[in-house]
1. With an 8 Å Cα cut-off and a minimum separation of 6 or more residues, compute the relative contact order for the range A:394-502 in percent.
2. Keeping every protein chain in place, order A:Arg180, A:Arg222 by accessible area at 1.4 Å, biggest value first, i.e. largest first.
3. In percent, how large is the relative contact order of chain A, given Cα pairs closer than 8 Å and 6 or more residues apart?
4. Please state the relative contact order of the range A:106-322 as a whole percent: Cα pairs under 8 Å, 6+ residues apart?
5. Summing Lys, Arg as +1 and Asp, Glu as -1, what charge do residues with Cβ under 10 Å from the Cβ of A:Ser479 carry, A:Ser479 excluded?
6. Once you sort the root eigenvalues of the Cα gyration tensor of the range B:4-66 as a ≥ b ≥ c, which label holds: rounded (a/c under 1.5), prolate (a/b larger than b/c) or oblate (the other case)?
7. Does the protein assembly as shown come out rounded, prolate or oblate by the C-alpha gyration tensor, with a ≥ b ≥ c the root eigenvalues, rounded set by a/c under 1.5 and, if not, prolate when a/b is larger than b/c and oblate if not?
8. Taking a spot 7 Å from the Cα of A:Ser204 along the direction of its beta carbon, which residues of the range A:224-256 have an amide N less than 18 Å from it?
Amino acid sequence: MSARVFVPGDAAAVSVGADEVAAAFGAAGATVVRNGSRGMLWLEPLVEVETEAGRVGFANVEPADVASVLSGEHTGSIGVVDEHPWLTSQRRVSFVRVGVVDPASVADYEAHGGWAGLRRALSLTPAEVVQEVTDSGLRGRGGAGFPAGIKWRTVLETVADQKFVACNFDEGDSGTFADRMVVEGDPFTLVEGMTIAAHAVGASEGYVYVRSEYPHAVAALRRAVDAAYTHGYLGQDILGSGLCFDLHVRVGAGAYICGEESSMLDSLEGKRGEVRAKPPIPAIEGLWGLPTAVNNVLTLCAVPMVLSEADSGGPGWQSYAELGTGRSRGTQVFQLAGNIRQGGIVELPFGVSLRELVEEYGGGTLSGRPVRAVQVGGPLGAYVPPDGFDVPMDYEALAESGAMLGHGGIVVFDDTVDMARMARFAMEFCSIESCGKCTPCRVGSTRGVETIDRIIAGRDVAANLVLLDDLCETMTKGSLCAMGGLTPMPVQSAIKHWRQDFEREGADV
Amino acid sequence: MTTAPTTDRVALVRAIATQHLADRGALMPVLHDVVEELGHVAREDVEAIADVLNLSVAEVHGVVTFYKDFRTEPAPAHAVALCRGEACQSVGAEALYAETRDRAADLGADVEVDEVFCLGNCALGPSGTLDGRLHGRLSRERITSLTEGWR
């Protein structure tokens, strides 16, 4: 019998040669499964060979290594992957199957606990499902942290002939890739979560809005949706329950703003992705003016677990709610990125410190130089200096410290970073990606770039810093959405913690 | 690439749009298919799509110009897109992007070097795509070697 080998088909693994490695194993006669990535991205391509002891891993494999891996002569084994301390110290809930299962196989999904949440949900009334999601404490993972159950209740209680479920898979924040990895590695979880959501709120149609920068995820998701239809998990009379739910995959077109939920809805309707003024909220008037439950990928992917029976035999919502801290319940999928030695996915209950993530899991910088700054929560998130790394990672504690969790991305910079340049980039990014609907964002970001350019050039620095602060306040208070409203966060945090980068030597301060 | 005469092109665009008539919010899928089939969205395509989908030319034009993916000029022979997101910047993406733009002509006869903001490969930067294929840990040398066949 030929050896069974797992070579990730995840885009990150492919970006460092996994396709060529998979082809070489195939040519050598091995049976190749294209699994997702385990999230230890610095080890990719991480190949696993099935043995009696478990799946044994080989890191950074190249096509030239294939023969020695198969013959057992390769000396670079990292041991049984399931026993790797980087993984065993985590609490994987949303990522429990990612890297483990074959993302193309419905049967493999079912064998690893898939569809249990949907089966149980279908035996409950919609109101009961909404109650369990509320009781789990699950909050929106897109960044805003709004309680999912409350949102679903609003949709459920709004009377309409037609309702929708929409999944925001426009993961555009630099430093984030959890949505991409969960969909590429375990796409049926999203299909299951959305089907449960449809039952809970009374929706008959769903849309997933995927960004076009994620072609691997689009392919994985479309394949999963087709398979779900074939096996009766989507379409008419799902699992004999009477539930009818059609799921469509739609692709964005290179606009960051479409990750803002109301822009996403306009884009799904075939319009320019411009932000809508609120109210009305999408739960009451969403897609085509009808009630729509809009949730992030990770929120929907947590739902099957919440609705399943826990391993302990108790209810899933209860074991989910037992994780975490304060009002941040469950786990958060942190993404370690940027100048970091061990980048990847760390899923832990809320409350872990930023220091533990950056220094212990991340192992410091890739360059080996000291860490100077970490940006938490994407391009609209704050820059945090090392003396602020003891903050516990939960929604409230971060907000209190002047930062935000966002989608859980953590980008590390070493001591060569110029924080005035990063502040300028925040404004530049906003000027490029603003939808243009409101003035503080559209005009303010361009003025922000110009003002920071003057500061960098050393012209009237003190006066321009005052002007910049004033501009930031206008953007924060006057913008329609988080794009203009939060762009000042990286700018002002950079000025606050690294003022010397703005008051340059020889400048007229 | 656009080699079809205009009338054939319009017929093809109309056929693509007609395939999506039953879809809600059909415009984005139609535009993606037109770019996929014909390389870009030409002026006459906008009118044909507007007609089939019962939209105004202004509405379709507005959508085409809002989104970066919908090219309005023929695509180059080869394309490099380098990520300028913060994560890639932390490992030198700004210098790599500037330098690659400067030597675009050396990479091949008709090469476009463009920026992109995040490809979701933020732990293995600098990231980029070369003719649509994703690559991580890019460097000047790696780009030179990956584009060898373009020269």
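The values are calculated or read from the model by the stated rules, or taken from the named source; none is laboratory data. These numbers were taken from a predicted model, which means no experiment stands behind them. Here the Cβ is made from the backbone with ideal geometry for all residues, glycine too, and neighbour counts use every protein chain on show. The area values use the complete protein model at the heavy-atom level, side chains included, leaving out ligands, DNA and RNA. Shrake-Rupley method; radii C 1.70, N 1.55, O 1.52, S 1.80 Å.
1. Numbers: 116 pairs, mean separation 32.6, N = 109.
Taking the mean separation of contacting Cα pairs over the length of the range A:394-502, I get 30 percent.
2. Numbers: A:Arg180 5, A:Arg222 110 Å².
So, going from the largest accessible area down, we get A:Arg222, A:Arg180.
3. Numbers: 1118 pairs, mean separation 66.7, N = 509.
Answer for chain A is 13 percent.
4. Values: 414 pairs, mean separation 65.2, N = 217.
Taking the mean separation of contacting Cα pairs over the length of the range A:106-322, I get 30 percent.
5. Details: positive: A:Lys437, A:Arg442, A:Lys477; negative: none.
Local charge sum for A:Ser479: +3.
6. rounded
7. On the way: a/c = 1.16, a/b = 1.08, b/c = 1.07.
Rounded, because the longest to shortest axis ratio a/c is under 1.5.
8. A:234-248
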